[in-house]
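**Q** Here's a structure for you.
The values are calculated or read from the model by the stated rules, or taken from the named source; none is laboratory data. This one's a predicted model, so the numbers in the text were calculated from it and none came from an experiment. Heads up, the Cβs are rebuilt from the backbone with ideal geometry, glycines too, and the neighbour counts pull from every protein chain shown.
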């Protein structure tokens with residue numbers, strides 16, 4: 001078939017681009033315009049091979065093979081197919097598993113079935129040498145593309161370079177049409193502008209109790225539990241220490257079916273971490289907040305199918321966007337302007353049940369996952385800021401951004 005196919009090792013392409021533009025291969029140091037990058041690959045492939053493009057295969061790694069926001073954006077683009085391998089962490093570094101094997105299998109299968117006349121490989125891994133040789137034996141012309149190396153040397157296997165029918169280098173001028181370095185440690189590219197809604201949440205004032213040092217053990221509470229007088233059955237019982245904050249075990253007991261809640265001190269509080277730092281909030285939410293229905297309760301089976309269809313085809317997975325999409329659906333189905341106005345007055349705290357459902361929805365897009373062994377709290381702020389932005393649009397509320 002007189003057409004071309006592009007196989008992209010995203011780890012190589014974006015890692016080499018980061019080395020070239022930011023001085024190190026970490027993809028977190030660069031910002032990628034995926035639409036521009038895909039269009040650039042298509043135009044270059046059709047120009048170099050003289051064949052129309054059949055498809056671009058994008059091979060990348062992801063934790064537990066769960067598509068990340070960039071993968072969701074890519075896989076809905078025309079003529080783009082995303083193949084994911086595993087992304088594992090070893091000795092403090094992330095490594096792709098299964099990506100090379102998937103590229104090898106795809107390359108040999110396409111060549112065997114004569115699906116194309118030309119294949120463009122954007123990779124540097126010598127493990128693809130057998131697949132390249134097999135493709136050539138089936139009459140496919142193999143074009144090998146490299147990213148300009150930061151140190152002026154090869155960043156590809158020399159065996160791949162020797163075996164390829166044609167080789168091209170994607171230089172700095174071509175790369176910077178779709179990739180730029182973030183401003184970290186003196187990099188000159190402008191950083192992304194922070195959203196004022198997120199800044200407002202991050203700068204929420206804290207009460208004095210949250211700013212004070214860790215609470216000390218009360219003087220009246222003994223360091224070790226005391227022994228109560230002997231019970232009538234002769235067994236000594238330890239007196240439980242006084243509780244000021246209910247533990248998870250206490251909360252579980254309160255929620256158990258048929259359980260009789262034990263009386264709690266009037267000063268009992270739960271800890272709240274949605275704002276900057278740790279602050280106190282009342283143990284019980286206002287009645288109007290607790291009575292708000294969840295999105296699941298407002299959604300019919302037909303709407304659930306339509307929501308899933310929209311998630312797969314049009315929602316990119318940006319944290320701010322995810323918060324907006326969730327809020328839009330919830331508000332459209334709530335249909336109670338009175339409740340909506342009351343909700344707006346609760347800013348920045350989202351009712352507990354709705355907030356939990358919002359975060360579970362965000363988890364479908366690969367958000368809130370562990371990044372570098374830590375949960376990315378900035379994603380949480382962005383998700384909630386997107387939610388509140390949609391609320392403000394519906395209620396015509398203007399929030400004053402906090403200091404950056």
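**Q** Quick test for you: out of 102, 95, 141, pick the one residue that is within 17 Å of residue 52 (Cα to Cα) and surrounded by fewer than 24 Cβ atoms within 10 Å (Cβ to Cβ).
**A** On the way: 102 fails: within 17 Å of residue 52 (Cα to Cα); 95 fails: within 17 Å of residue 52 (Cα to Cα).
Residue meeting the stated conditions: 141.
**Q** Another question, if that's okay. Can you find a residue in segment 149-161 that is at negative phi, assigned to a helix (DSSP H, G or I) and touching a helix residue (DSSP H, G or I) at 6+ places or on another chain (Cβ under 7 Å)?
**A** Looking through segment 149-161, at least one residue is at negative phi, assigned to a helix (DSSP H, G or I) and touching a helix residue (DSSP H, G or I) at 6+ places or on another chain (Cβ under 7 Å).
**Q** Something else: Mind checking which strands (runs of 3 or more DSSP E) fall wholly inside segment 1-79 and carry at least 3 residues that are touching a helix residue (DSSP H, G or I) at 6+ places or on another chain (Cβ under 9 Å)? First the steps, then the outcome.
**A** Numbers: elements: 4-9, 30-32, 53-62.
Counting at least 3 such residues, we get 4-9, 53-62.
**Q** Then there's this: Quick test of your reading of the structure: residue 166 fulfils all but one of (1) outside the structural domain of residue 21 (by TED's automatic domain parsing); (2) modelled with pLDDT of 90 or more. Name the failing condition by number.
**A** If we test residue 166 against (1) outside the structural domain of residue 21 (by TED's automatic domain parsing); (2) modelled with pLDDT of 90 or more, just (1) comes out false.
**Q** If you take the residues of segment 16-49 that are touching a residue at least 40 places away in the same chain (Cβ under 8 Å) and within 21 Å of residue 140 (Cβ to Cβ), which of them is surrounded by the most Cβ atoms within 10 Å (Cβ to Cβ)?
**A** Among them, the one singled out is 45.
**Q** Kindly evaluate residue 48 against the criterion of being in the same structural domain as residue 14 (by TED's automatic domain parsing) and closer than 20 Å to residue 162 by Cβ.
**A** Values: in the same structural domain as residue 14 (by TED's automatic domain parsing): yes; closer than 20 Å to residue 162 by Cβ: yes.
For residue 48, the condition - in the same structural domain as residue 14 (by TED's automatic domain parsing) and closer than 20 Å to residue 162 by Cβ - is met.
**Q** Here is a further query. When residue 89 is evaluated against the numbered criteria (1) out of contact with any helix residue (DSSP H, G or I) (no Cβ under 7 Å at 6 or more places or on another chain); (2) buried (at least 19 other Cβ atoms within 10 Å of the Cβ); (3) under 24 Å from residue 25 (Cβ atoms), which criterion, by number, is the only one it fails?
**A** Result: residue 89 passes all but (2).
**Q** Taking segment 319-347, which residues are closer than 18 Å to residue 290 by Cβ and touching a residue at least 40 places away in the same chain (Cβ under 8 Å)? Reasoning before the result, please.
**A** Step one: list which residues in segment 319-347 are closer than 18 Å to residue 290 by Cβ, which gives 330, 334, 336, 338-347.
Residues satisfying the conditions are 334, 339, 340, 341, 342, 343, 344, 346, 347.
**Q** Quick check on residue 102: is it without any contact (Cβ under 8 Å) to a residue 60 or more places away in the chain and in a helix (DSSP H, G or I)?
**A** Numbers: without any contact (Cβ under 8 Å) to a residue 60 or more places away in the chain: yes; in a helix (DSSP H, G or I): yes.
Considered against the rule, which asks whether it is without any contact (Cβ under 8 Å) to a residue 60 or more places away in the chain and in a helix (DSSP H, G or I), residue 102 comes out as yes.
**Q** Is it the case, given these coordinates, that residue 133 is assigned to a loop (DSSP other than H, G, I, E, B) and touching a helix residue (DSSP H, G or I) at 6+ places or on another chain (Cβ under 9 Å)?
**A** Answer is no for this residue.
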